[in-house]
Amino acid sequence: MKRIIMSGDEAIARGAWEAGVRVASAYPGTPSTEILENISQYKDDIYCQWANNEKVASEIAIGASIGGARALAAFKHVGMNVAADPIFTVGYTGVNGGLVFISADDPGCHSSQNEQDNRLYAPHAKLLCLEPSDSQECKDFMIAAFDLSERFDIPVLMRMTTRVCHSKSIVELGERKNEGVKKYESNPSKYAMLPANARVRHVAVEQHLKDAEEYAYECPLNKIEWGSRAIGIITSGISYQHSREAFGDGASYLKLGLTYPISKKLVKEFCEKVDKVYIIEEGEPYIENFVRTLGIGCVGKEAVTIQGELDAQIVRKAFGIAAAPDKYMVETKAPARPPVLCAGCPHRGFYYALLKHKKEIVTTGDIGCYSLGVNPPFNGFDTAICMGSGFSMPIGLAKALEMQGDSRKVFGLLGDSTFFHSGLTSLIDAVHAEANVCLCLLDNSITAMTGHQQNSGTGISLMGYEVPKIDALQLILATGIDKANVRVVDPIDLDAMDKAITDAIAAKGTFVIVTKRPCALLKEVIKANAGAHCIIDPDKCTGCRACTKVACPALAFENKKAYIADPANCTACGLCAQMCKFNAISKVGK
């Protein structure tokens, strides 16, 4: 069989194809994004699409499953919160074609607002849960997941973590299963969850879970590896790799691939054959709590941190075992470099324009590349909670300020992909409530932060086909908002941007600003600007540093003069030129 190196996300996609999946949907979010991007390579066999949010992605997959096709939905861990509504109910209904939900958790908050452990969803939503520990298991577990889903009539949660998603290892490829599509048959008692039906289905799913627990005892995804029986380690996912590296053959291992339901019999038998039991897992004490309910003494979170990621060194230190050789160290340290808005980013003009009005406004943010505007020198907003909250939180915040006599105007902001994700419903509430707020749609024509995925505002599907482009402005106007309270501006035009903000502060009721300029890193934008960049005349530059206030990474300052440090990085957006009162900055090239 062919063997190649794959990341976990790539292997998940391959496993879906080999399992005979027919429909896949997702909303992009690190570290899950590459799953659907790779599934799109199999578009001749799998219909795949970016959904506007994780709830919709899950419902697309659920519909396909009930229709008889094997289907999946993928998202990052916080996306499962959005998808929870249909997922909790489909746990009762069960499946027709196999159904898998993939949650890519992010211990360490590398690109997320929290570290939630989505294994806890499995018992809560009545799902089977699988946890692969490397790329080969990602592929193999996907195939097993669909088989188990259909065998037990239960959806499966595939719980990934950042290291498993993005680490690469050798994968042995197989052939695609010719599963076909099961016949769809009307069955309201199974799939229409009115109370009378739901009560019956709850009984059914509890029995299915009992059957699955009996199977878990002999499940080949669970493995015991015997070494020294002085220590027995129960672990799962990437934590197995760290444990193996830390303890080697100095311990025995119960590696759980199926982590819900867990076999009580298997755990008891393993623990009876070792002297001490250690539970090594990232995140919550999920396995540990289960083991303790069996009356088995163990060492877990009192030794291993609940925060962040684990590695072999952390595990060694936690359990007081001999340390590995010291890490390679050098005295020189790279300077700290927090992520910044790219050169030519349209959001930079928006945030700079806000600075002039700082004393007049309070700003709420959202989740996207524009979130980088929270950092100095812009200090662009005070809060960022979840997707869509940039348009809904201002409603409540404005009321709270009004109650205390604070006259500042509340501004809320989010991006175009987030607008389609959950911003539209928030906007509708603001208009309906006549909220005295300004809502800013920062439209850069792409889902930028996660790597330029298409969205409903673009004209290309995930599979590369031309599709209708949804006009966000028309959706805004369709809410019934007063047209006089809507502005569309180029955020790099500072005068237009300032006027729009000034008008918004003076207006009563809901005001909307749409900043319209494509991401500077879009291929078509780069091509159109090829060869163009700014230059600074050192004879005209007075060293006032006004241009550096826009924090463009293409700009630098040396010997009391500003200069373009990297012409290849400069996009000739001209924002810095608008800052210069001495006409020292000009564009060259196209």
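The values are calculated or read from the model by the stated rules, or taken from the named source; none is laboratory data. Please read these numbers as outputs of a predicted model, since none were measured by experiment. In this analysis, Cβ positions are derived from the backbone assuming ideal geometry, glycine residues included, and neighbour counts consider all displayed protein chains.
Would it be correct to say that residue 428 is more than 21 Å from residue 363 (Cα to Cα), modelled with pLDDT of 95 or more and out of contact with any strand residue (DSSP E or B) (no Cβ under 9 Å at 6 or more places or on another chain)?
It is false that residue 428 is more than 21 Å from residue 363 (Cα to Cα), modelled with pLDDT of 95 or more and out of contact with any strand residue (DSSP E or B) (no Cβ under 9 Å at 6 or more places or on another chain).
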Give the number of residues within the range 460-484 that are out of contact with any helix residue (DSSP H, G or I) (no Cβ under 8 Å at 6 or more places or on another chain) and either without any contact (Cβ under 8 Å) to a residue 24 or more places away in the chain or more than 27 Å from residue 25 (Cβ to Cβ) (or both). 11
Any residue at all in the range 374-389 that is touching a residue at least 60 places away in the same chain (Cβ under 8 Å) and assigned to a helix (DSSP H, G or I)? no
Out of the range 142-170, which residues are among the β-branched types (Val, Ile, Thr) and within 17 Å of the chain's Cα centre (by Cα)? 161, 162, 164
Subset of the range 166-199, residues in contact with a helix residue (DSSP H, G or I) (Cβ under 6 Å, 6 or more places away or on another chain) and either assigned by TED's automatic domain parsing to the domain that holds residue 241 or not in a helix (DSSP H, G or I) (or both), comes to 169, 171, 174, 176, 193
Among the residues of the range 520-550, how many are buried (at least 18 other Cβ atoms within 10 Å of the Cβ) and touching a helix residue (DSSP H, G or I) at 6+ places or on another chain (Cβ under 7 Å)? 3
Selection from the range 151-166 of residues that are surrounded by 17 or more Cβ atoms within 10 Å (Cβ to Cβ) and either hydroxyl-bearing (Ser, Thr, Tyr) or over 30 Å from residue 242 (Cα atoms) (or both): 152, 153, 154, 161, 162
Among the residues of the range 386-434, write down those that are within 23 Å of residue 353 (Cα to Cα) and basic (Lys, Arg). 408, 409
Verdict on residue 69 being over 22 Å from the mean Cα position of the chain (by Cα), closer than 12 Å to residue 21 by Cβ and outside any strand (DSSP E or B): yes
Residues to consider are 66, 102; find the one that is out of contact with any Cys (no Cβ under 9 Å at 6 or more places or on another chain) and surrounded by fewer than 24 Cβ atoms within 10 Å (Cβ to Cβ). 66
So how many residues does the range 488-519 have that are farther than 13 Å from residue 353 by Cα, touching an Asp or Glu at 6+ places or on another chain (Cβ under 8 Å) and surrounded by 20 or more Cβ atoms within 10 Å (Cβ to Cβ)? 4
Against the conditions (1) touching a helix residue (DSSP H, G or I) at 6+ places or on another chain (Cβ under 8 Å); (2) touching a residue at least 60 places away in the same chain (Cβ under 8 Å), where does residue 253 fall short? Just the number, please. (2)
Limited to the range 439-470, what total is found for residues that are in contact with a Pro (Cβ under 8 Å, 6 or more places away or on another chain) and either modelled with pLDDT of 95 or more or crowded, with 17+ Cβ neighbours inside 10 Å (or both)? 8
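Given the options 47, 27, name the one that is buried (at least 24 other Cβ atoms within 10 Å of the Cβ), modelled with pLDDT of 95 or more, farther than 28 Å from residue 261 by Cβ and among the hydroxyl-bearing types (Ser, Thr, Tyr).
Just one listed residue meets the conditions, 27.
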Would you list the strands (runs of 3 or more DSSP E) that sit entirely within the range 205-255 and hold 2 or more residues that are of a type outside the set (Asp, Glu), in contact with a His (Cβ under 8 Å, 6 or more places away or on another chain) and surrounded by 19 or more Cβ atoms within 10 Å (Cβ to Cβ)? none
Restricting attention to the range 551-567, and to residues there that are within 32 Å of the chain's Cα centre (by Cα) and modelled with pLDDT of 90 or more, which single residue is surrounded by the fewest Cβ atoms within 10 Å (Cβ to Cβ)? 553
Among the numbered criteria (1) touching a helix residue (DSSP H, G or I) at 6+ places or on another chain (Cβ under 8 Å); (2) closer than 26 Å to residue 115 by Cβ; (3) outside any helix (DSSP H, G or I), which one does residue 316 miss? (3)
Would you call residue 476 surrounded by 15 or more Cβ atoms within 10 Å (Cβ to Cβ), outside any loop (DSSP other than H, G, I, E, B) and β-branched (Val, Ile, Thr)? yes
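Say we look at the range 375-416 and pick out the residues that are farther than 23 Å from residue 497 by Cβ and among the β-branched types (Val, Ile, Thr); which of these is surrounded by the fewest Cβ atoms within 10 Å (Cβ to Cβ)?
Top of the filtered list is 385.
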Across (1) modelled with pLDDT of 95 or more; (2) more than 32 Å from the chain's Cα centre (by Cα); (3) part of a loop (DSSP other than H, G, I, E, B); (4) not basic (Lys, Arg), residue 531 clears everything bar (1)
Checked against (1) buried (at least 21 other Cβ atoms within 10 Å of the Cβ); (2) in a helix (DSSP H, G or I), residue 366 satisfies every condition except (2)
Which numbered condition trips up residue 363, out of (1) under 23 Å from residue 430 (Cα atoms); (2) touching a helix residue (DSSP H, G or I) at 6+ places or on another chain (Cβ under 6 Å)? (2)
